[in-house]
Amino acid sequence: MAKEKIVGDALFLSGSLALDLINTEMIVRRKKRDVLSSPDDLAQWWQAALAHHPEHDDIAGNETPIDWTFDLLEEVKRFRQSLRSLCTYLVEEQTTTLPDLEMLNQILSLGYQSVQSTPQGEVISVYRVYDQQKGKILLPIALSALQLLTEAQRQRLHKCRNERCILFFYDTSKGGTRQWCSLGCLNRSRSMHHYQQRQNG
Ligand SMILES: [Zn+2]
């Protein structure tokens, strides 16, 4: 039970849907843990992700529910891997090249922006997808990544300072001084520091 609590706490702390997907891989008690280990896990994660990022729940059209298959799971994981490398380049201040961006571009091409009118007669902008099955989950994540890469401040994108932690986050604090993914990591690093000082003193 305690273990599940740690996993749950780590899931939506990054401030970005794309980073939250990357953060479904984490270290729990020094072991790598993949939150998305089955199509069911993916379905549950996606439901929670949309609740945390309602701004990305704007794909219009066909209301057929997503069929949570192993293929879809693999596709999401491939995208996750590619986003992890992209974000790693960014925090390490390396130059990204076209091949790094290729998968993101492919996924962005699954959808397009369009307009529709509301019952009140307003015209609003919505996204539509060519492929409902893949597009409905991959496009919102890709749009979030696009935002992160092109509109966000690069110096606010971080990997947690705890060396044993692999989580990313986008720092929205006023001063821009957040260094740890969570209070848990901050406290662990503080107690480690105190322990080392006692050893040296
Ligand atoms: Zn951390």
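The values are calculated or read from the model by the stated rules, or taken from the named source; none is laboratory data. As the structure is a prediction and not an experimental result, all values here were calculated from the model. Positions of Cβ are backbone-derived with ideal geometry, glycine not excepted, and every protein chain shown enters the neighbour counts. Each accessible area value is taken on the protein alone, full model and side chains, heavy atoms only, with ligands, DNA and RNA left out. Shrake-Rupley method; radii C 1.70, N 1.55, O 1.52, S 1.80 Å.
The lysines within cross-link reach of Lys136, meaning a Cα-to-Cα straight distance under 26 Å and a gap of 8 or more places when in the same chain, are Lys77.
Sparse packing (at most 16 other Cβ atoms within 10 Å of the Cβ) combined with a DSSP loop state is found for the following GluC sites (Glu not before Pro) in the stretch 1-104: Glu63, Glu92, Glu93.
Out of Gly15, Gly135, Gly184, any idea which swings most in a Gaussian network model of the chain, alpha carbons joined below 10 Å? Comparing Gly15, Gly135, Gly184 in the GNM, the peak value goes to Gly184.
Entry comment: accessible area of the stretch 123-201 is 63 Å² per residue, from protein heavy atoms only and a probe of 1.4 Å.
Isolated cysteines in the chain, defined as those with no second cysteine Cβ under 4.7 Å, comprise Cys87, Cys185. Working note: 222 nm ellipticity from helices only, DSSP H runs with n ≥ 4, each -39,500 (n - 2.57), summed and divided by the residues of the chain, gives -16000 deg cm²/dmol to the nearest 500. Sparsely packed loop sites in the stretch 91-174 (the chymotrypsin sites (Phe, Trp or Tyr not before Pro) outside DSSP H, G, I, E and B with at most 14 other Cβ atoms within 10 Å) comprise Tyr130. All distinct Cα pairs of the stretch 1-114 go into the 1/r average, and the inverse of that average, the Kirkwood radius, is 15.7 Å.
Pairs of Cα atoms nearer than 8 Å and 6+ residues apart set the relative contact order; for the chain it is 25 percent. Helix 39-52 and the longest principal axis of the C-alpha atoms of the chain enclose an angle of approximately 90°. In the chain, the inverse of the mean reciprocal separation of distinct Cα atoms equals 18.4 Å; this is its Kirkwood hydrodynamic radius. Applying 1/(1 + (r/R0)^6) with r as the Cβ-Cβ distance of His52 and Asn200 and R0 = 35 angstrom yields a FRET efficiency of 0.25.
For Lys5, a cut-off of 20 angstrom between C-alpha atoms picks up these lysines, skipping any fewer than 8 places away in its own chain: Lys31, Lys32. Using every pair of distinct Cα positions in the stretch 3-61, the Kirkwood expression returns a hydrodynamic radius of 12.2 angstrom. Label separation (Leu183 vs Lys31): 2.8 nm, computed from points 7 Å beyond Cα along the C-beta direction.
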